Amino acid sequence: KRVVNFSAGPATLPLEVLQQVQAELLDWQGSGMSVMEMSHRGKEFMSIAAAAEADLREVAGIPANYKVLFLQGGATGQFSFIPMNLLRGKTGVDFVLTGDWGKKAAKEAARHATVNVAATSADAKFTQVPDRASWKLDPNAAYVHVTSNETIHGVEFAADPDTGAVPLVADMSSNILSRPFDVSKYGLIYAGAQKNIGPAGLTIVVVRDDLIGQAAPLTPGIFDYQQMADSESMLNTPPCFAWYVSGLVFKWIKANGGLAGVGERNAAKAKLLYDYIDSQDFYRNPVAKADRSRMNVPFTLANAELDAEFLKGAKAADLDGLKGHRSVGGMRASIYNAMPIEGVQQLVDYMKEFARTRA
Ligand code: PLP
């Protein structure tokens with residue numbers, strides 16, 4: 001049995017990918033080995049690694065002057081490694097805060113640089129993206145950091161922001177590869193793999209090559225982007241199995257209409273859920289419509305005393321992982337790339353029935 005998994009991450013993976021992993025688990029393509037058992041320097045794994053990078057470059061349209069790094073340490077590790085690598089002799093960094101993940105990233109960056117909060121929607125309880133005209137950017141900042149999708153609050157930048165000459169750094173952990181996006185607008189993009197890409201343990205960094213090579217002296221080698229780029233992310237043993245599964249996910253995206261196809265399906269899934277939420281009073285989503293996440297849909301019940309019963313009934317109907325983050329409460333449905341629209345429809349049907357019998 002497989003449940004409909006609405007977890008925020010690690011999250012559901014495409015069934016076809018899991019089936020391929022299962023089929024190849026003991027003997028990868030006649031090698032007589034599992035990918036888990038292969039030397040990362042052997043020709044089999046080197047071919048897996050190279051294909052994954054080539055497919056990611058193709059899917060996301062990554063220009064040749066960007067390095068693609070396959071790292072460890074999660075997106076949280078990058079909260080520190082980005083300032084260690086990208087200050088380039090500067091002292092200040094700008095942050096646009098739209099939720100808790102951006103706050104955490106800013107807190108870590110403050111150990112390495114002077115953090116200027118150029119804009120924040122904290123006063124609106126992170127239910128919107130601050131209007132671009134209100135951002136107070138510092139032209140001397142080393143970079144501007146945004147969280148393109150705030151996983152907890154369900155707030156997403158509707159389009160790639162423009163920060164002019166100052167490099168834009170984006171934490172795309174929870175919306176990478178969910179729609180077409182313009183890599184050339186960014187200096188650096190990073191994401192933990194465990195939502196839209198593959199298993200936990202792998203962190204993707206896409207960085208413009210002129211920004212690297214000036215890491216702070218105490219930066220560990222395995223988190224120095226230049227050293228990792230020079231060694232094709234193999235200065236040490238990489239997370240081989242997660243890299244391999246992620247490569248299968250990139251192929252799955254290619255076979256399913258690329259980012260345009262994925263984006264259309266994600267828009268339809270989000271519309272189905274938000275349209276229902278907006279059509280009645282029992283459930284509510286507080287986020288400004290233009291800034292609503294297509295990946296994470298938080299919602300509250302009119303009567304919070306019914307939360308436990310809602311979750312129990314959902315679980316009984318094989319709808320898993322709907323409990324909201326402890327900092328905002330209520331529910332959250334994470335509907336990443338691998339969630340089929342039928343799963344969202346099942347959730348809406350359950351919500352309707354629950355509201356009908358409890359309202
Ligand atoms: N940033 C965002 C937007 C996230 O959603 C998460 C995890 O949920 C993180 C960062 C932290 O990622 P990791 O657990 O890979 O450090």
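The values are calculated or read from the model by the stated rules, or taken from the named source; none is laboratory data. These numbers come from a predicted model, not from an experiment. A quick note on method: Cβ atoms are made from the backbone with ideal geometry, for glycine too, and the neighbour counts reach across all protein chains shown.
If you go through the stretch 171-200, how many residues are more than 20 Å from ALA242 (Cβ to Cβ) and either within 15 Å of the ligand (Cβ to nearest atom) or assigned to a loop (DSSP other than H, G, I, E, B) (or both)? Qualifying residue count for the region: 7. Across the stretch 57-78, the qualifying residues are those that are within 16 Å of GLN194 (Cβ to Cβ) and of a type outside the set (S, T, N, Q), and the one among them that is farthest from the ligand (Cβ to nearest atom) is PHE70.
Condition check for THR203 on (1) within 15 Å of the ligand (Cβ to nearest atom); (2) closer than 15 Å to SER148 by Cα: one failure, at (2). Would you tally the residues in the stretch 123-142 being surrounded by 11 or more Cβ atoms within 10 Å (Cβ to Cβ) and farther than 18 Å from GLY164 by Cα? The total comes to 6. Of the residues that make up the stretch 30-52, is at least one more than 26 Å from TYR225 (Cβ to Cβ), out of contact with any helix residue (DSSP H, G or I) (no Cβ under 6 Å at 6 or more places or on another chain), of a type in the set (A, V, I, L, M, F, W, C) and without any contact (Cβ under 8 Å) to a residue 40 or more places away in the chain? Yes, that holds for at least one residue.
With respect to (1) more than 23 Å from the chain's Cα centre (by Cα); (2) surrounded by 17 or more Cβ atoms within 10 Å (Cβ to Cβ); (3) assigned to a loop (DSSP other than H, G, I, E, B), the lone exception for ILE62 is condition (1).
If the condition is being of a type in the set (A, V, I, L, M, F, W, C) and part of a helix (DSSP H, G or I), then the stretch 6-47 contributes LEU15, VAL17, LEU18, VAL21, ALA23, VAL35, MET36, PHE45, MET46. Are there any pairs, at least 6 apart or on different chains, whose C-beta atoms fall under 7 Å, with the first in the stretch 175-186 and in contact (Cβ under 8 Å) with a residue 60 or more places away in the chain and the second of a type in the set (Gly, Ala, Ser) and loosely packed, with under 15 Cβ neighbours inside 10 Å, and if so, which? Pairs found: PRO180/ALA260; VAL183/GLY61. Looking only at the stretch 22-59, which residues are buried (at least 17 other Cβ atoms within 10 Å of the Cβ) and of a type in the set (A, V, I, L, M, F, W, C)? Listed by number, the residues that qualify are TRP28, VAL35, MET38, PHE45, ILE48, ALA49, ALA52, LEU56, VAL59.
LYS103 fulfils the conditions (1) in contact (Cβ under 8 Å) with a residue 24 or more places away in the chain; (2) in contact with a strand residue (DSSP E or B) (Cβ under 9 Å, 6 or more places away or on another chain); (3) of a type outside the set (A, V, I, L, M) except for a single criterion, (1).
Scanning the stretch 260-276 for residues that are surrounded by fewer than 20 Cβ atoms within 10 Å (Cβ to Cβ) and hydrophobic (A, V, I, L, M, F, W, C) yields a count of 4.
To keep it simple, each residue is scored yes or no on (1) buried (at least 20 other Cβ atoms within 10 Å of the Cβ); (2) in contact with a helix residue (DSSP H, G or I) (Cβ under 7 Å, 6 or more places away or on another chain); (3) in the same structural domain as TYR143 (by TED's automatic domain parsing).
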{"residue": "PHE181", "(1), (2), (3)": "yes, no, yes"}
{"residue": "LEU188", "(1), (2), (3)": "yes, yes, yes"}
{"residue": "ASN196", "(1), (2), (3)": "yes, no, yes"}
{"residue": "ASP210", "(1), (2), (3)": "no, no, yes"}
{"residue": "GLN214", "(1), (2), (3)": "no, no, yes"}
{"residue": "TYR225", "(1), (2), (3)": "yes, yes, yes"}
{"residue": "PRO238", "(1), (2), (3)": "yes, no, yes"}
{"residue": "TYR244", "(1), (2), (3)": "yes, yes, yes"}
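Against the test of being within 16 Å of the ligand (Cβ to nearest atom), over 30 Å from LYS269 (Cα atoms) and not in a strand (DSSP E or B), the options PRO139, PRO238 yield a single qualifying residue, PRO238.
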